[in-house]
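Engineer: Below is a structure I'd like to ask you about.
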Amino acid sequence: MIPFLQRRRIGQSIRDVGPQTHLSKAGTPTMGGLIFIIAGLAASVVFMPRNAEGYLTLFLALAFGSIGFADDYLKVVLKRSLGLKARQKLLGQFTAAFLFYLALRWMNVQHTLAVPWLGSVSLGWLYPVFVAVFLVGTTNAVNLSDGVDGLAGGLAVITLLAQALIGWFAGLPGVVYVAVAVAGGVLGYLVYNLHPARIIMGDTGSLALGGAIGAMAVLTKTELLFLFFMGIVFVLETASVIIQVLYFRLTGRRVFLMAPIHHHFELKGWSEWKVCRRFWLVQAIGAAAAVAIWLSA
């Protein structure tokens, strides 16, 4: 696939507001998310028994991935530098999230939020709002983490494997099959995405991964475990951007050298590989804690 993208000059454009070390990435083949989307979809369809949770997870991954594909296509093929407008992306994402919620209603999923050791809290009419905001927030958090070679893919694999374990113990085979299939596809992709990357997943891949991960968290009722443990690095990446923007608007100064926070550490002198290793470790500890808490709750 890399030669195919190179021949058609489907390469990443690098904005000069980022770290200067990233300028050499310009022209690296992008939209590589198609690799693990196709692999994960094929493996799931072939091996997964008919299962509503599995199909629903695939739906959201493909829906969000399609939005990312449209954005990438506009940027790298049609050369429209900014791609889709933010409101267009959000409209598409919230529409997909609403359709996901309608499927949950059809499946009679309870409108509750699981709180470890304390039981379930009914959200009532707030549940569809919570689901939509959680799914859109998750997919964009994964997208924000895709700024260092290998980072988003590695973080996603860790989270997917944790969800596979929880899905196994929860009796949700669809979640298990899709999580393992997508994680396997991403691992194959990572061989070519570790620094120096030969291919980049683009919004096609990051939004699809975010959709799959978010869907699994909702289906396994692990939204809180994701926010505080299993997806901790994704959350910190997003929080760093929010803090940076708000603090700058209030004071005219910055908290971080650059946001998302992985760029802060790059500018502090960390190599991309060091950023990946440290962030993966934090995510792995959080994921292990999430599984342990879920099993004990």
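The values are calculated or read from the model by the stated rules, or taken from the named source; none is laboratory data. Every value quoted in this text rests on a predicted model; they were computed, and no experiment measured them. Reconstructed Cβ throughout: ideal geometry from the backbone, glycine too, with neighbour counts over all protein chains shown.
Engineer: Any residue at all in the stretch 213-220 that's part of a helix (DSSP H, G or I), of a type outside the set (Ser, Thr, Tyr), free of Cβ contacts under 8 Å to residues at least 24 places away in the same chain and under 19 Å from residue 139 (Cβ atoms)?
Structural biologist: no
Engineer: Could you tell me which numbered condition residue 132 fails, if it satisfies all but one of (1) loosely packed, with under 15 Cβ neighbours inside 10 Å; (2) without any contact (Cβ under 8 Å) to a residue 40 or more places away in the chain?
Structural biologist: Unmet for residue 132, out of (1) loosely packed, with under 15 Cβ neighbours inside 10 Å; (2) without any contact (Cβ under 8 Å) to a residue 40 or more places away in the chain: (1).
Engineer: Whether any residue in the stretch 275-296 is under 21 Å from residue 53 (Cα atoms), out of contact with any Leu (no Cβ under 8 Å at 6 or more places or on another chain), surrounded by fewer than 23 Cβ atoms within 10 Å (Cβ to Cβ) and in contact (Cβ under 8 Å) with a residue 40 or more places away in the chain is what I want to check.
Structural biologist: yes
Engineer: For the stretch 259-288: of the residues being among the β-branched types (Val, Ile, Thr) and closer than 13 Å to residue 159 by Cα, which is nearest to the chain's Cα centre (by Cα)?
Structural biologist: It comes out as 282.
Engineer: Under 9 Å by Cβ, and 6 or more places apart or on different chains, what pairs join a residue from the stretch 235-257 that is of a type in the set (D, E, K, R) with one that is outside any helix (DSSP H, G or I)?
Structural biologist: Pairs found: 237/145; 237/147; 237/259; 237/260.
Engineer: Can you tell me which of 257, 250 is at pLDDT 95 or above, in a loop (DSSP other than H, G, I, E, B), farther than 28 Å from residue 290 by Cβ and aliphatic (A, V, I, L, M)?
Structural biologist: Exactly one of 257, 250 is at pLDDT 95 or above, in a loop (DSSP other than H, G, I, E, B), farther than 28 Å from residue 290 by Cβ and aliphatic (A, V, I, L, M), namely 257.
Engineer: Among the residues in the stretch 149-170, are any closer than 27 Å to residue 38 by Cβ, in a loop (DSSP other than H, G, I, E, B), touching a His at 6+ places or on another chain (Cβ under 7 Å) and touching a residue at least 40 places away in the same chain (Cβ under 8 Å)?
Structural biologist: Looking through the stretch 149-170, at least one residue is closer than 27 Å to residue 38 by Cβ, in a loop (DSSP other than H, G, I, E, B), touching a His at 6+ places or on another chain (Cβ under 7 Å) and touching a residue at least 40 places away in the same chain (Cβ under 8 Å).
For (1) more than 12 Å from the chain's Cα centre (by Cα); (2) surrounded by fewer than 19 Cβ atoms within 10 Å (Cβ to Cβ), each residue gets a yes or a no:
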| position | (1), (2) |
| --- | --- |
| 212 | no, no |
| 222 | yes, no |
| 225 | yes, no |
| 240 | yes, no |
| 244 | yes, no |
| 247 | yes, yes |
| 252 | yes, yes |
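Engineer: Of all residues in the stretch 260-274 being in contact (Cβ under 8 Å) with a residue 60 or more places away in the chain and outside any helix (DSSP H, G or I), which is surrounded by the most Cβ atoms within 10 Å (Cβ to Cβ)?
Structural biologist: Looking at residues that are in contact (Cβ under 8 Å) with a residue 60 or more places away in the chain and outside any helix (DSSP H, G or I), I get 260.
Engineer: Residue 233: within 28 Å of residue 66 (Cβ to Cβ), in a helix (DSSP H, G or I) and at pLDDT 95 or above, yes or no?
Structural biologist: So residue 233 fits the description; yes.
Engineer: Would you check which residues across the stretch 100-124 are more than 30 Å from residue 241 (Cβ to Cβ) and hydrophobic (A, V, I, L, M, F, W, C) and list them?
Structural biologist: Scanning the stretch 100-124 gives 102, 103, 106, 107, 109, 117, 118.
Engineer: While we're on this one: Within the set of pairs 6+ apart or on separate chains, which have a first residue in the stretch 77-91 that is touching a residue at least 40 places away in the same chain (Cβ under 8 Å), a second that is outside any helix (DSSP H, G or I) and of a type in the set (A, V, I, L, M), and C-beta atoms under 7 Å apart?
Structural biologist: If the second residue must be outside any helix (DSSP H, G or I) and of a type in the set (A, V, I, L, M), the pairs left are 77/10.
Engineer: Here is a further query. What is the number of the single condition among (1) within 24 Å of residue 51 (Cα to Cα); (2) surrounded by 13 or more Cβ atoms within 10 Å (Cβ to Cβ) that residue 108 does not meet?
Structural biologist: The number of the failed condition is (2).
Engineer: Please enumerate the residues belonging to the stretch 191-205 that are touching a residue at least 40 places away in the same chain (Cβ under 8 Å) and not charged (D, E, K, R).
Structural biologist: Result: 192, 193, 194, 195, 196, 197, 199, 200, 201, 202, 204, 205.
Engineer: Within the stretch 200-207, is there a residue that is within 14 Å of residue 182 (Cα to Cα) and of a type in the set (Gly, Ala, Ser)?
Structural biologist: Scanning the stretch 200-207, I find at least one residue that is within 14 Å of residue 182 (Cα to Cα) and of a type in the set (Gly, Ala, Ser), so the answer is yes.
Engineer: Do we find that residue 157 is closer than 18 Å to residue 273 by Cβ, under 12 Å from the mean Cα position of the chain (by Cα) and surrounded by 19 or more Cβ atoms within 10 Å (Cβ to Cβ) in this structure?
Structural biologist: yes
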